[in-house]
1. For the list (1) modelled with pLDDT of 65 or more; (2) not in a loop (DSSP other than H, G, I, E, B), I need the number of the one condition that residue 45 fails.
2. Starting from region 27-47, take each residue that is within 24 Å of residue 60 (Cβ to Cβ) and list its partners that are of a type outside the set (A, V, I, L, M) and exposed (fewer than 14 other Cβ atoms within 10 Å of the Cβ), counting only C-beta distances under 9 angstrom and pairs at least six apart or across chains.
3. How many residues are over 12 Å from residue 76 (Cβ atoms) and in a strand (DSSP E or B) when one looks only at region 92-142?
4. Given the options 126, 109, name the one that is within 14 Å of residue 36 (Cβ to Cβ) and not small (Gly, Ala, Ser).
5. Only residues that are exposed (fewer than 15 other Cβ atoms within 10 Å of the Cβ) and either among the basic types (Lys, Arg) or at pLDDT below 95 (or both): list them for region 107-142, please.
6. Could you figure out which of (1) part of a strand (DSSP E or B); (2) closer than 30 Å to residue 45 by Cβ isn't true of residue 84?
7. Quick one: in region 39-91, of everything that is among the acidic types (Asp, Glu), under 14 Å from residue 105 (Cβ atoms) and in contact with a Lys or Arg (Cβ under 9 Å, 6 or more places away or on another chain), which residue is surrounded by the most Cβ atoms within 10 Å (Cβ to Cβ)?
Amino acid sequence: MRAPFHQLALPLALVLAGCATGAIAQPQGYTPPFGSNPVFNEEVHAAPGHELIVADLHLPPNAVGEAHYHLWEEYLYVTEGSALVEIEGMEAREIVAGETFVIPRMLPHTPKAGPQGIRAIIVRVHDEGDPLSVPATAPADE
């Protein structure tokens, strides 16, 4: 004998509610410590004398870093949160999750995380042995 629909409705609703509230195990992501966390610092075999630098940037809400510049372009991809990009001589711009931004070489900038903080992937290719960043107070030798 089949059970009446009303006897199955409650158990079915509970199962569906459990699925909607995340009762099914979700894969866990990796959350790095705050700061710039190295991912790659590798020789580029296709371009001898160059290095590929990749970092996972994770800053807490409203964090402000030191002003600095890079000898090469810096490529950002924001994966979480937001940041205010302030580059000397340019209008400030907010970048949010899903956006990319290129910071031109040799231009001082100050990292400023948004109210939820920021997580971004940073990519640079530069000459082997170049510093990762230079304090903005240091002279920019071309």
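1. (2)
2. 34/60
3. 13
4. Working: 126 fails: within 14 Å of residue 36 (Cβ to Cβ).
Just a single option satisfies the conditions, and that option is 109.
5. Taking region 107-142 first, the residues exposed (fewer than 15 other Cβ atoms within 10 Å of the Cβ) are 115-116, 125, 127-129, 131, 135, 137-142.
The answer is 125, 127, 128, 129, 131, 135, 137, 138, 139, 140, 141, 142.
6. (2)
7. Looking only at region 39-91, we keep the residues that are among the acidic types (Asp, Glu), and these are 42-43, 51, 56, 66, 73-74, 80, 86, 88, 91.
Then keep just the ones that are under 14 Å from residue 105 (Cβ atoms); that gives 73-74, 88.
Those left that are additionally in contact with a Lys or Arg (Cβ under 9 Å, 6 or more places away or on another chain): 73-74.
Numbers: 73: 15, 74: 21.
Applying the filter and picking the extreme gives 74.
The values are calculated or read from the model by the stated rules, or taken from the named source; none is laboratory data. Just so it is clear, the model here is predicted, and its values are computed rather than measured. All Cβ positions, glycine included, derive from the backbone under ideal geometry; neighbour counts span all protein chains shown.
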